[in-house]
Amino acid sequence: MLMLITLVCGLLFGFGLALSEMTNPAVVIGFLDIFGHWNPSLIIVMAAAVSVSMLGYKISKKQSVPLLADSWSLPTTRLIDRKLLTGSALFGIGWGLSGYCPGPGLTAVINNPQEGIYFVLALVAGSALYQFQNKK
Amino acid sequence: MNHLYNPLLGGLLIGLAAAIYLITSGRVVGISGMLAQSLFNKNKRLPLIFLLGLIIGGSAYGILTQQTTPFPEIRSPWLMILSGLLVGYGTRLGNGCTSGHGVCGLARLSPRSIVATATFISCAIITVLLTH
């Protein structure tokens with residue numbers, strides 16, 4: 001059951017990205033280009049997504065355990081450290097260069113393969129580099 | 001009106017997916033984290049299924065209907081590789097991306113995610129300013 005719901009959530013999430021044109025790097029770069037031809041539509045996307053997600057979080061706080069799992073697996077780190085800042089800065093630079101963040105980048109393998117294949121291979125390589133640097 | 005309705009409806013769907021996933025599985029939607037789990041964890045079934053759904057959902061809409069803004073002309077593979085490496089490594093080091101910190105973290109009012117989101121959005125804006 002949880003697998004089916006997870007698939008539906010993935011489909012909804014992907015469909016939402018495409019409908020709001022987050023999957024199109026031209027739109028994302030237009031949003032980031034606040035000093036040029038600024039396209040503010042992604043503020044609406046973020047505000048809507050955060051609001052509904054917040055509602056979900058409020059509901060989850062009233063549950064003792066998740067509906068279909070034994071326990072919560074939520075992020076517990078509260079540290080604001082150099083790792084968080086450096087990592088987010090590197091991510092921001094990479095995002096600004098192409099207009100792809102991880103979700104839209106994955107969809108680009110189908111939507112825009114001549115770019116998407118290179119982006120995703122490098123995305124996996126970057127994640128693997130971190131994994132091997134930090135394995136115990 | 002599509003330029004208003006589509007971002008609104010799209011954002012609502014993204015939030016709905018994150019809310020349902022949280023309430024049922026007890027996990028937050030974070031695409032960079034799910035990718036890492038799919039690649040390196042033993043227990044990879046759920047993240048892998050989610051990402052599969054994301055790719056199908058995210059490409060089906062574009063194939064079925066006309067998008068209002070055309071995609072950019074194909075850019076250099078080297079630019080894509082540099083961008084992919086920075087996004088792949090950076091999201092692991094910073095432990096999240098636009099979904100995990102941006103959507104779910106902000107919804108939980110996590111100070112860590114607010115700082116991360118402000119950092120990656122400012123760096124992305126500066127990068128676009130310098131490269132366009």
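The values are calculated or read from the model by the stated rules, or taken from the named source; none is laboratory data. Fair warning: this is a prediction, and the values are worked out from it, not measured in the lab. Glycine gets a Cβ as well: all are built from the backbone with ideal geometry, and neighbour counts include every protein chain shown.
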Taking the options A:Ile80, A:Ile34, A:Ile29, name whichever one is within 7 Å of another protein chain (Cβ to nearest Cβ), among the aliphatic types (A, V, I, L, M) and touching a residue at least 60 places away in the same chain (Cβ under 8 Å).
A:Ile29
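For every residue, the table says whether it meets (1) within 14 Å of the chain's Cα centre (by Cα); (2) among the aliphatic types (A, V, I, L, M).
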residue	(1), (2)
B:Phe50	yes, no
B:Ile74	no, yes
B:Pro77	no, no
B:Ile81	no, yes
B:Leu86	no, yes
B:Ser99	yes, no
Name the residue that is farthest from the other protein chains (Cβ to nearest Cβ), counting only residues in the stretch B:62-99 that are at pLDDT below 95 and part of a helix (DSSP H, G or I).
B:Leu64
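Let's see how each residue does on (1) facing chain A (nearest Cβ under 7 Å); (2) under 23 Å from B:Leu16 (Cα atoms); (3) touching a residue at least 12 places away in the same chain (Cβ under 8 Å):
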position	(1), (2), (3)
B:Val103	yes, yes, yes
B:Ala107	yes, yes, yes
B:Pro111	yes, yes, no
B:Ala116	yes, yes, yes
B:Phe120	yes, no, yes
B:Ile125	yes, no, no
B:Val128	yes, no, no
B:His132	yes, no, no
Go through the stretch B:1-47 and report how many residues are more than 7 Å from every other protein chain (Cβ to nearest Cβ), free of Cβ contacts under 8 Å to residues at least 12 places away in the same chain, of a type outside the set (Lys, Arg) and in contact with a helix residue (DSSP H, G or I) (Cβ under 6 Å, 6 or more places away or on another chain).
1
Among the numbered criteria (1) within 20 Å of the chain's Cα centre (by Cα); (2) facing chain B (nearest Cβ under 7 Å), which one does A:Ile43 miss?
(2)
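Looking at A:Gly30, is it touching a helix residue (DSSP H, G or I) at 6+ places or on another chain (Cβ under 8 Å) and either within 24 Å of B:Gly58 (Cα to Cα) or surrounded by 24 or more Cβ atoms within 10 Å (Cβ to Cβ) (or both)?
No.
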